[in-house]
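The values are calculated or read from the model by the stated rules, or taken from the named source; none is laboratory data. Here the structure is a predicted model, which means the values were calculated and not measured. Ideal geometry is used to build each Cβ from the backbone, glycine not excepted, and the neighbour counts take in all protein chains shown.
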Amino acid sequence: MTDNRFSDAYKKSVNSVQLPENFKDHILSNLSLEDAPKKKPGLVLLQRAALSAAAAVAIVACALLLFSVLRSSPPAVTKDMHFRISSATNLAQVGGAKVSFLNSEGEYLKDENGNTLTAYTDEKGRVTAKLPQEEALQIEVTAEGFIPFVGNASENIYVCPKMTEDTYRAVLTWTEDCDLDAFLTLTTEDKTEKLHYFKSDILNAQGEVLAALDTDSSAPHSPETVTFRGDCQGVWRLSVGSYSSLKDENSLPLAQSGATLTLYKGSSLVGEYSIDALSKGNVWRVLEIENGELRVTDTTYSVSAMTDIN
Amino acid sequence: MSDLRRAAEQALEKYGESLMRVAYTYTKNMQDAQDMVQDAFLRYMSSAPQFSSDEHEKAWLIRVTINICKNHLSSAYRRNYAELDENMSVCDTYSSGLAEIVNSLPEKYRIVIHLFYYEDYTQKQIAKALGITESAVSTRLQRGRKLLKEKIGDDYFD
């Protein structure tokens, strides 16, 4: 994302705006007071003594004020929250992972001493933290051999092992009671289209695996993970289909599934994409990758059989 | 003149305009922006930080300016007089095309947009300056761009 045209035009626009005349002189003239003590050390001591006394009075006053405020206002509501960190590829529990938390503004939560609130998972990948009851809390997980993860602080967090730089991995999760599947098609340069889903990997002419399913899921809060190679020519298209809607037309619509697809490449998070809750259809075409270039398509449509997904 | 004073003067000469524009992105008022930069240099003088490079010095000043601006915006005075300040911004001189459009975005988007497109900061540098994660920077950048596209169309963007 460079957006050079916008960057150039924005710089030109900002630079055309006049700053206050002589603002540097004004700032410098007010810095002289700070510089003065170095020239008059005797005066500095007197000033510092006076300032120290004033500061002491102010600190006592602030402490009293703080004490009265704390007594009159209710404490922040916190509760113990439990998380389990597992691998997105084989569901193995990840021990020793470092876990931090962020508020809805993306700022790290701090403890009472002002330090970033941090915890580590036990050997079963479990961690418990006393956290404010905030709706949009986020969790950050870093662990040896895994790509750093930042996302919604749900009970089960799946982290992705690092890969070679030309490998992609898509992790599909959803929150509501339905059965979704990840679908991947590869349209090669000769226009041959190959479909990957839970029971068929994609192989090239030499029989090498180009795309494979790591884990299959048929229930919410558990990942369905697909790994595929980025070094082959052609267009990868990644979609999500609602298997439950084909079995039962009265099942929960795909739009209300809470589906999120997270894409990784090599040792980096590429992006996290969520289904539009107002969309229609039982297939969500999320993105395409053509010779390494990513396009987010984010469209939905309907099929009557999963093999119709393209 | 002390070495520290001389260093402050040189830093003001080199980075003063950048700092003013960062501060203005928050305050929308040139007089307030000047006060914020003034405070940043007072801290520079009082803490006499050591820098490993010019970039390090600039990054320190931008981070301190941003923190001062955030404190200013969250102060009781600013909250009480927010309406007055918003009206003042209309009369200000910062009303030039794209700059004005960016400044009309919510605060958390416009500062990220400014640092990314004006200062050419990476998402990692922005995260460090604002004390948030790279993921949060990425999200704010995407949403900021989306809001800008709604106002000016797609033509400027890749």
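Answer yes or no: is there a residue in region A:197-208 that is under 30 Å from A:ASP308 (Cα atoms) and surrounded by 18 or more Cβ atoms within 10 Å (Cβ to Cβ).
Of region A:197-208, the ones under 30 Å from A:ASP308 (Cα atoms) are A:197-208.
From what's left, surrounded by 18 or more Cβ atoms within 10 Å (Cβ to Cβ): A:197, A:202.
Checked against the condition, which is being under 30 Å from A:ASP308 (Cα atoms) and surrounded by 18 or more Cβ atoms within 10 Å (Cβ to Cβ), region A:197-208 yields at least one hit.
If you go through region B:120-138 one residue at a time, do you hit one that is under 15 Å from B:ASN29 (Cα atoms), modelled with pLDDT of 80 or more and at the interface with chain A (Cβ under 10 Å from one of its Cβ atoms)?
Going through region B:120-138, the residues under 15 Å from B:ASN29 (Cα atoms) turn out to be none.
No, region B:120-138 contains no residue that is under 15 Å from B:ASN29 (Cα atoms), modelled with pLDDT of 80 or more and at the interface with chain A (Cβ under 10 Å from one of its Cβ atoms).
Yes or no, residue by residue, for (1) among the charged types (D, E, K, R); (2) under 21 Å from B:GLU134 (Cα atoms); (3) at pLDDT below 85:
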site	(1), (2), (3)
A:LEU66	no, no, yes
A:LEU70	no, no, yes
A:PHE83	no, no, no
A:LYS98	yes, yes, no
A:GLU112	yes, no, yes
A:ALA129	no, no, no
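Quickly run through region A:139-156 and pick out the residues that are away from chain B (no Cβ under 14 Å) and of a type in the set (A, V, I, L, M, F, W, C). Even if it seems obvious, please write down each step before you answer.
Pass one, region A:139-156, residues away from chain B (no Cβ under 14 Å): A:143-146, A:154-156.
Within region A:139-156, A:ALA143, A:PHE146 meet the criteria.
Take region A:1-27 and flag every residue that is surrounded by 12 or more Cβ atoms within 10 Å (Cβ to Cβ) and β-branched (Val, Ile, Thr).
Matches in region A:1-27: A:VAL14, A:VAL17, A:ILE27.
Keeping to region A:101-133, report how many residues are in contact (Cβ under 8 Å) with a residue 40 or more places away in the chain and aliphatic (A, V, I, L, M).
So in region A:101-133, the residues in contact (Cβ under 8 Å) with a residue 40 or more places away in the chain come out as A:101-102, A:124-133.
From what is left, the residues that are aliphatic (A, V, I, L, M) are A:102, A:127, A:129, A:131.
The qualifying residues number 4.
Looking at this structure, is A:GLY106 within 14 Å of chain B (Cβ to nearest Cβ), out of contact with any Asp or Glu (no Cβ under 6 Å at 6 or more places or on another chain), at pLDDT below 85 and closer than 30 Å to A:MET163 by Cβ? Working first, answer last.
On the way: within 14 Å of chain B (Cβ to nearest Cβ): yes; out of contact with any Asp or Glu (no Cβ under 6 Å at 6 or more places or on another chain): yes; at pLDDT below 85: yes; closer than 30 Å to A:MET163 by Cβ: yes.
In short, yes.
Looking only at region A:270-285, count how many residues are of a type in the set (A, V, I, L, M) and surrounded by fewer than 15 Cβ atoms within 10 Å (Cβ to Cβ). Don't jump to the end; show me each part of the working.
Applying the first criterion (of a type in the set (A, V, I, L, M)) to region A:270-285 yields A:270, A:275, A:277-278, A:283.
Those left that are additionally surrounded by fewer than 15 Cβ atoms within 10 Å (Cβ to Cβ): A:277-278.
Looking only at that region, the number is 2.
Scan region A:85-133 for residues that are hydroxyl-bearing (Ser, Thr, Tyr) and part of a loop (DSSP other than H, G, I, E, B) and jot them down.
First pass over region A:85-133, keeping only residues hydroxyl-bearing (Ser, Thr, Tyr): A:86-87, A:89, A:100, A:104, A:108, A:116, A:118, A:120-121, A:128.
A:THR89, A:SER104, A:THR121 - these are the residues of region A:85-133 that are hydroxyl-bearing (Ser, Thr, Tyr) and part of a loop (DSSP other than H, G, I, E, B).
Among the numbered conditions (1) touching a residue at least 24 places away in the same chain (Cβ under 8 Å); (2) outside any strand (DSSP E or B); (3) away from chain B (no Cβ under 14 Å), tell me where A:ALA136 comes up short.
Condition not satisfied by A:ALA136: (3).
Condition check: within 15 Å of the chain's Cα centre (by Cα), at pLDDT below 90 and either surrounded by 14 or more Cβ atoms within 10 Å (Cβ to Cβ) or among the hydroxyl-bearing types (Ser, Thr, Tyr) (or both). Does A:LEU172 satisfy that? Please lay out each step first, then the result.
On the way: within 15 Å of the chain's Cα centre (by Cα): yes; at pLDDT below 90: no; either surrounded by 14 or more Cβ atoms within 10 Å (Cβ to Cβ) or among the hydroxyl-bearing types (Ser, Thr, Tyr) (or both): yes.
When the stated conditions are applied, A:LEU172 does not pass them.
B:VAL102 versus (1) closer than 19 Å to A:LYS24 by Cα; (2) at pLDDT 90 or above; (3) of a type outside the set (D, E, K, R): which is the lone unmet condition?
With (1) closer than 19 Å to A:LYS24 by Cα; (2) at pLDDT 90 or above; (3) of a type outside the set (D, E, K, R) applied to B:VAL102, the lone miss is (1).
Search region B:139-158 for residues being within 8 Å of chain A (Cβ to nearest Cβ) and not in a helix (DSSP H, G or I), and hand back the single one that is surrounded by the most Cβ atoms within 10 Å (Cβ to Cβ).
Applying the filter and picking the extreme gives B:TYR156.
Just to verify a result, which residue in region B:7-22, among those that are within 10 Å of chain A (Cβ to nearest Cβ) and among the charged types (D, E, K, R), is surrounded by the fewest Cβ atoms within 10 Å (Cβ to Cβ)?
Only one residue tops the list, namely B:GLU13.
Answer with yes or no whether B:ASP32 is buried (at least 17 other Cβ atoms within 10 Å of the Cβ) and of a type in the set (Asp, Glu). Spell out how you get there, then give the answer.
Working: buried (at least 17 other Cβ atoms within 10 Å of the Cβ): yes; of a type in the set (Asp, Glu): yes.
When the stated conditions are applied, B:ASP32 passes them.
Taking region A:211-230 as the region of interest, how many residues are over 20 Å from the mean Cα position of the chain (by Cα) and surrounded by 21 or more Cβ atoms within 10 Å (Cβ to Cβ)? Before the answer, list the steps.
Just the residues of region A:211-230 that are over 20 Å from the mean Cα position of the chain (by Cα), to begin with: A:211-219, A:228-230.
With the extra rule that they be surrounded by 21 or more Cβ atoms within 10 Å (Cβ to Cβ), the set shrinks to A:211, A:228.
Total meeting the criteria: 2.
Going by what's in this entry, would A:SER267 be described as in contact (Cβ under 8 Å) with a residue 60 or more places away in the chain and more than 12 Å from A:ALA170 (Cβ to Cβ)?
Numbers: in contact (Cβ under 8 Å) with a residue 60 or more places away in the chain: yes; more than 12 Å from A:ALA170 (Cβ to Cβ): yes.
Judged against the criteria, A:SER267 is a match.
Can you name the residue in region A:5-21 that is more than 7 Å from chain B (Cβ to nearest Cβ) and closer than 21 Å to B:MET36 by Cα and, of all such residues, is modelled with the lowest pLDDT?
Initial filter on region A:5-21 (more than 7 Å from chain B (Cβ to nearest Cβ)): A:8, A:12, A:15, A:21.
Narrowing further to those that are closer than 21 Å to B:MET36 by Cα: A:15, A:21.
Values: A:ASN15: 90, A:GLU21: 85.
Restricting to residues being more than 7 Å from chain B (Cβ to nearest Cβ) and closer than 21 Å to B:MET36 by Cα, the top hit is A:GLU21.
Give me the pairs, please: first residue somewhere in region B:23-50 and at the interface with chain A (Cβ under 9 Å from one of its Cβ atoms), second residue anywhere and assigned to a loop (DSSP other than H, G, I, E, B) and of a type in the set (Val, Ile, Thr), beta-carbon distance under 7 Å, and either six or more positions apart or on two chains.
Between residues of region B:23-50 that are at the interface with chain A (Cβ under 9 Å from one of its Cβ atoms) and residues that are assigned to a loop (DSSP other than H, G, I, E, B) and of a type in the set (Val, Ile, Thr), the close pairs are B:MET30/B:THR93.
So, in region A:231-255, of the ones that are hydrophobic (A, V, I, L, M, F, W, C), under 19 Å from A:ILE275 (Cβ atoms) and at pLDDT below 90, which residue ends up surrounded by the fewest Cβ atoms within 10 Å (Cβ to Cβ)? Even if it seems obvious, please write down each step before you answer.
Taking region A:231-255 and keeping what is hydrophobic (A, V, I, L, M, F, W, C), we get A:232, A:235-236, A:238, A:240, A:246, A:252, A:254-255.
Imposing the further condition that a residue be under 19 Å from A:ILE275 (Cβ atoms) reduces the set to A:238, A:240, A:246, A:252, A:254-255.
Then keep just the ones that are at pLDDT below 90; that gives A:246, A:252.
Details: A:LEU246: 15, A:LEU252: 17.
Here the residue is A:LEU246.
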